[in-house]
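Questions regarding the structure given below will be posed in turn.
The values are calculated or read from the model by the stated rules, or taken from the named source; none is laboratory data. Predicted model only: the values in this text are computed from it and were never measured. Glycine gets a Cβ as well: all are built from the backbone with ideal geometry, and neighbour counts include every protein chain shown.
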Amino acid sequence: MSESAAQVIARAGGAIPALRNAPDRPAIFPVTPEFTNWRSEQRAWRDGVALLDQSHHMTDLFISGPDALKLLSDTGVNNFSRFTVGDAKQFVAVNYEGYLVGDAVLFYLAENRFDLVGWYMVIDWVQFIGETGDYDVTFERDANSIMRDPGKDPVRSSSGRTRSPSPASRSTRCVTAWRGSPDSSSSGRGRSARVCARRS
């Protein structure tokens, strides 16, 4: 069982030593290019199609349920009035006072089903609000490679208000095909296809 933040801070002798000596491997950001440099990758999604595997360095939070869109609207500054199935957009999360928590990529997979992909600060915040608030939602989390425990199933499930039994855990790998539009650089929107499959 993992320790609470208070236990980690007490064991380390304070918050600063706890953060400076955290056992997590450092995250390399921006991500090291795998095939070409960033200019050709940017051109590909803007002018053509890009295939992105985000499963190594980003966490997926699958959000399902009748209140999924309400939860996202309540925790982010985004306008969802024209957000439809098959769309993707930058999601900007804020706290109760409107201060920035962080940003992530949000995919509208199907009716009442979304995939929020990004760093754990945003993922943790949205899941925390969903689990402690009055939202009828269910979460499935596929952690990034840094956050995974070796030898354990990386997908954890939980639910919001319904507190229904968690579905069977499964390990997934998601790949995104992104098609930019002429105005995608200014609006933060584009068309996407998100394909997720179980790992054997």
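Inside the stretch 121-140, can you point out the residues that are out of contact with any helix residue (DSSP H, G or I) (no Cβ under 7 Å at 6 or more places or on another chain) and not in a helix (DSSP H, G or I)?
Selection gives G133, D134, D136, T138, E140.
Looking for something within 16 Å of Y135 (Cα to Cα) and surrounded by 15 or more Cβ atoms within 10 Å (Cβ to Cβ) - is there at least one such residue anywhere in the stretch 79-95?
Scanning the stretch 79-95, I find no residue that is within 16 Å of Y135 (Cα to Cα) and surrounded by 15 or more Cβ atoms within 10 Å (Cβ to Cβ), so the answer is no.
So, in the stretch 99-120, how many residues would count as being part of a loop (DSSP other than H, G, I, E, B) and within 12 Å of L61 (Cβ to Cβ)?
1
Any idea which of (1) in contact with a helix residue (DSSP H, G or I) (Cβ under 9 Å, 6 or more places away or on another chain); (2) surrounded by fewer than 20 Cβ atoms within 10 Å (Cβ to Cβ) is the one L106 doesn't satisfy?
Among (1) in contact with a helix residue (DSSP H, G or I) (Cβ under 9 Å, 6 or more places away or on another chain); (2) surrounded by fewer than 20 Cβ atoms within 10 Å (Cβ to Cβ), L106 violates only (2).
Being closer than 21 Å to P66 by Cβ, at pLDDT below 70 and touching a strand residue (DSSP E or B) at 6+ places or on another chain (Cβ under 8 Å) narrows it down to one of T162, T176, so name that one.
One residue alone meets the criteria, T162.
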